[in-house]
Amino acid sequence: MTMTTPDQQRAAGDSTPLPGRSLLSINNIEVIYNEVILVLRGLSLVVPERSIVALLGSNGAGKSTTLKAVCGLLPTEHGEITDGSITFDDHDITHLDAAERVRRGISLCMEGRHVFEHLTVHENLVAGGYIRGRTERTDLDTVYEFLPRLADMRNRIAGFLSGGEQQMLAIGRALMAKPALLMLDEPSLGLAPKLVQEIFGYIARLNAELGTTVLVVEQNATRALEIAHHGYVMEQGRLVLDGPAAELRDNPDVKEFYLGLGEGGVRKSYRDVKHYKRRKRWL
Ligand SMILES: Nc1ncnc2c1ncn2[C@@H]1O[C@H](COP(=O)(O)OP(=O)(O)OP(=O)(O)O)[C@@H](O)[C@H]1O
Ligand SMILES: [Mg+2]
C-alpha cells in the first residue's frame, strides 16, 4: 500500500475524507435560550475535512440550534453557549462574531428560503459573494456550472421563483462565499422527491469535486444517509447515536424512527411510529 500525504490526496482530486483531520469540532456544548431554556445539553460532534456529515433527529431535537451555534447566530435569538467549545480549523471560535466566522469559511444555508426577493437570481448570487469580498467571474461560473438551473433563471426575480428554485438559489448564494464548511438546514424541506434527489446530487458533487466539507441537517434521513459519510442522531439536545452512514442506514432503530420502516421493511403508519416514539427513548 502506498501512503499519500493530504496534499497529494487533494492534488489527485481524491474526495475521501482525510482521516484524523477534523475541520469542525463541537466539544460538549450547552446552549441556553433566554437565559432559562436549556436546549443543547452537552453535545459533541466532529466533522472531518472533506466529509459529508448528516445530523438527524426529530422536531425540536436541537439541530438548527447546533448549526446556529457553529455560525454564531445564537445571540440574534437571545441564545448563548454557556459551556463547552467549538473549534474550526484548529482555532477556538466559540465566542467569535458571525461575520468573522463567515470570513473564516463557515456558511449556513438556513431552514426555509432566505433569498433577496426583489433581486434577480444573478444579483442574489453576486450579493452572496460580497460576504467574502469582491465577486469574481470564476465564482459565478462555478456556481452556474454546479447549479445549471440557476444559469437558466439568472434574470428572473427571486421572489417569483418556486419554492424548489428558491432553495437552489439559497444554496448557490451560500456557495458564492466559497465556504470551507457548508452547513445546510433541511435543504429538502417541502420539495418534490425529484427535486430532493437533484439537490442531494448537487451536494454530493460539491463535496466530491470541490472538496467542500458539508454538515447537513435533515428530516429526510434516507437521502441524507445516502450521500453522507458519517451520521449523528440527536434527541432532546443530546447525541444518542452516531456511526458511518452505511451502518446507520441499516440500524433498526434509525429505520424505525427516521425512515418509518418496521421489521420486514413494512412502512409503519405515521400514527404507529409517533406512538412508539413516545414510549421508547433513544437511551
Ligand atoms: N430562539 C429561541 N428561543 C427559545 N427557544 C427556542 C428558540 N429557538 C429554538 N428554541 C427551542 O429549542 C428547541 C430546539 O429547537 P431547534 O430549532 O434547534 O430544533 P430542530 O431540531 O431544528 O427542530 P426542527 O426539526 O423542527 O427544525 C425547541 O424546543 C425550540 O422550541
Ligand atoms: Mg430545525
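Observations on the model:
- For the range 115-178, dividing the convex hull volume of the Cα atoms by the residue count gives 65 Å³ per residue.
- Label-point gap, in nm, between Glu247 and Gln219 - each point 7 angstrom along Cα→Cβ: 2.9
- For a label point 7 Å along the Cα-to-beta-carbon line of Asp90, residues of the range 47-71 with backbone N under 12 Å: none
- The 3J(HN,Hα) values that the Karplus relation (6.51, -1.76, 1.60; θ = phi - 60°) gives for the range 166-172 are, in residue order, 5, 5, 4, 5, 4, 5, x Hz. Gly and Pro appear as x.
- Relative exposure of Ser107, Ser64, judged by other C-beta atoms within 10 Å (fewest first): Ser64, Ser107
- The range 199-251, dipole about Cα centre (Lys/Arg Cβ +1, Asp/Glu Cβ -1), debye to the nearest 20: 120
All of the numbers you see were taken from the coordinates with simple rules; none came from a lab. Everything quoted here is computed from the prediction, not taken from an experiment. Don't worry about glycine lacking a Cβ; one is built from the backbone with ideal geometry, like all the others, and counts go over all protein chains shown.
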